[in-house]
1. Step through the residues of the stretch 56-66 one at a time and calculate ³J(HN,Hα) from phi using the Karplus curve (6.51 cos²θ - 1.76 cosθ + 1.60, θ = phi - 60°), rounding each to whole Hz and writing x for Gly and Pro.
2. Within the set of other residues whose C-beta is less than 11 Å from the C-beta of residue 38, count the net charge using Lys and Arg as +1 and Asp and Glu as -1.
3. Over the chain, with every protein chain in place, what whole percent of the accessible area is carbon and sulfur at 1.4 Å, could you tell me?
4. Determine, for the chain, the count of lysine pairs separated by eight or more sequence positions (or lying on different chains) whose alpha-carbon distance falls under 21 Å.
5. Compare the Cα positions of 69, 6, 16 along the charge dipole of the chain (+1 at Cβ of Lys, Arg; -1 at Cβ of Asp, Glu; about the Cα centre) and return the one farthest towards the positive end.
6. With contacts defined as alpha carbon pairs under 8 Å and 6 or more residues apart, what's the relative contact order of the stretch 18-83 in percent?
7. Label-point separation (nm) for residue 67 and residue 81, each offset 7 Å from Cα along Cα-to-Cβ?
8. If I model a spin label at residue 42 and residue 10 as a point 7 Å from the Cα along the Cα→Cβ vector, what separation in nanometres do I get?
Amino acid sequence: MKNKIVIGVFILAISITIRFFCGVYRHDEFRENHFFIKHSPIWKWEFYSPQGMSDLKFEDLSKEEQIEQKYFNEYIKDRGLSL
């Protein structure tokens with residue numbers, strides 16, 4: 001019984017760690033999904049660029065899209081994953 005609890009807690013801890021430090025981003029040009037390791041922990045799993053390869057300015061995006069773009073820039077673009 002104790003072994004099952006220990007194994008369950010271990011699996012839960014590994015799952016939470018993966019969720020915090022791994023993610024998937026959609027490439028802004030080719031629209032392909034890529035797995036990556038995050039540089040800092042965040043609960044967010046999927047990242048995408050609302051601007052994509054368009055000529056939209058940051059100010060033209062809605063508040064939600066601006067937040068998404070900030071996350072994409074911080075975790076993907078500034079790290080050189082999607083140029």
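The values are calculated or read from the model by the stated rules, or taken from the named source; none is laboratory data. The structure displayed is predicted, hence computed values, not measured ones. As a convention, Cβ positions derive from the backbone with ideal geometry for all residues, glycine included, and neighbour counts pool all protein chains shown. Please note that ligands, DNA and RNA were not included when accessible areas were found on the heavy atoms of the full protein model with its side chains. Shrake-Rupley method; radii C 1.70, N 1.55, O 1.52, S 1.80 Å.
1. Values per residue, Gly and Pro as x: 5, 8, 4, 5, 7, 7, 5, 4, 5, 5, 5 Hz.
2. Here the charged neighbours net out to +2.
3. Whole-percent figure for carbon plus sulfur exposure: 60.
4. Working: 38/70; 38/77; 44/63; 44/70; 44/77; 57/70; 57/77; 63/77.
Taking the chain as the scope, the lysine pair count is 8.
5. Positive-most Cα among the choices belongs to 6.
6. This gives 29 percent for the stretch 18-83.
7. Distance between label points: 1.9 nm.
8. Result: 3.2 nm between the two label points.
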